[in-house]
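Report on the following structure.
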Amino acid sequence: MALVTEQGFVPSAPIEFLNVDDAWPADDSIAIDLANDVNLESIEDKLNRVHTIRIDFPSSADGRGFSLAKALRHKGYKGRLRAVGPLISDQFRYALTCGFDEVEINDELAARQPESHWKDFGQSSYANKLSSPLAPSERSDDLYYEQVTEVQHYGDDLFRFKTTRPDSFRFDAGEFVMMGLETRGTRILRAYSIASASYDESLEFYSIKVPDGELTKKLKWIKVGDTIVLKKKTTGSLILGTVNPGKRLFLHSTGTGIAPFASLIKEPAVYEQFEQVILTHTCRFNNELDYSRELVEAVKADEYVGELASAQLVFRGSTTREPGVTNSRITHDITSGELYTDLGIAPLNPESDRIMICGSKGVTVDMKAIFAEAGFTQGSLNRPGSFVWERAFVD
Ligand code: A2P
């Protein structure tokens, strides 16, 4: 057998692995084998005595071992984690991010996928290239090169990260910027709403991991210390200047469309201009609402804007494909009036309500039709109106 670590194939000292049901010795020299469907509660209180856990992968298509590794790390397991089974080298980086230290493969697999495959993936992977940014002389004058300071993953599909912020980088809450990655010879930039407040010292972005997405398949591996790039100019329609004064501001988002509103709800001017701010976030599944739930809680507890937000911000998260707050689309909740009755607020009123929309193309197109039909007028910086959406994510 071969043992693969970030350093490549390494010699492995023989370890005697026990099964969960075996009698465990009284000391701390314990290594155990876990099936990927084990009930963790049965061993949770003994984990601190275990130095190595080996998790079985019956096939490379069975991802339960990855979830188990994450759960063990989440519960505070600090010992060594080994995956055993027919994993392929492409899965190695993911295994590491789930908390594994090493992968045990049999000789046949080691012959088919020699050390160079695993090392290439580890050493020359994008993740590693990211941590060796271009030399200052190779950098472009149009871009800021910023360091990642924090990364948080939300399940397998979503993540947020923070970066340093250049002193000269200014933006209005709700705007987006072209952001991405640059290595020698390649630069991939996409429009990303800035999720942090206009006055924050850092910049925050919230992203989905688009399957096979040119940028996010690389960006999802970023770690603290890596370098991202930003265009210097920001723009966007979801800013206070595009809507007329009014009484209530509705911020309707789906999926990662929450990001510009994450910035807006931290802006004191929003609460000065509107009596009430109603943020809706609709996702397919409950766990996709984790980001917005945490966000709203943090904003309401914030030293600077917390008092205003606690008094004036109303949040409604909803899901469409899993029982949650509702099981319907936001478009349905608006047209049926359930949104307003659920929240105990007055019905929609084009005279005094202002609306911002950020979501997928489908939801934006449908909402535009609903609000136009209800008498709302499209706003822009030159001609503020009663509703706006982000064109960059739709056209
Ligand atoms: P649904 O589950 O019914 O498709 P996505 O992940 O595809 O961006 O979707 C995010 C959320 O937006 C989901 O809850 C999805 O509902 C909803 N959604 C997608 N398209 C529309 C639309 N045209 N009108 C209203 N809601 C939509």
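Bear in mind that the values in this text are calculations on the coordinates, not laboratory data. In this text the structure is predicted, and so the values were computed from the model without any measurement. For neighbour counting, all protein chains shown are included, and Cβ atoms are generated from backbone atoms with ideal geometry for every residue, glycine included.
For the pair region 9-72 and region 231-285, the centres of their Cα atoms are 47 angstrom apart.
Highest GNM mean-square fluctuation among 170, 160, 354, for the chain modelled with Cα contacts below 10 Å: 170.
Taking each of 162/232; 231/368; 209/368; 119/217; 70/119; 119/218 in turn, the alpha-carbon distance tops 21 angstrom for 231/368; 209/368; 70/119.
When the charge dipole of the chain is built from unit charges on Cβ atoms (+1 for Lys and Arg, -1 for Asp and Glu) and taken about the Cα centre, the candidate among 312, 369, 292 whose Cα reaches farthest toward its positive end is 369. Would you compute, from DSSP H runs of 4+ residues alone, the mean residue ellipticity of the chain at 222 nm, taking -39500 (n - 2.57) per run and dividing by the full residue count, rounded to the nearest 500? Here the helix-only value at 222 nm equals -6500 deg cm²/dmol.
Nothing charged except the Cβ atoms of Lys and Arg (+1) and of Asp and Glu (-1): what's the magnitude of the dipole of the chain about its Cα centre? Round to the nearest 20 debye. Each step should come with its number before you reach the end.
Details: 44 positive and 58 negative charges, 238 e Å.
Value, rounded to 20: 1140 debye.
Mean projection of the Cα convex hull over all viewing directions, computed for the chain: 23.0 nm².
In a reduced charge model with +1 at each Lys and Arg Cβ and -1 at each Asp and Glu Cβ, region 1-56 shows a dipole moment near 220 debye about its Cα centre. Comparing 24, 118, 221 in a Gaussian network model of the chain, where Cα atoms under 10 Å apart are tied by springs, the biggest mean-square fluctuation is seen for 24.
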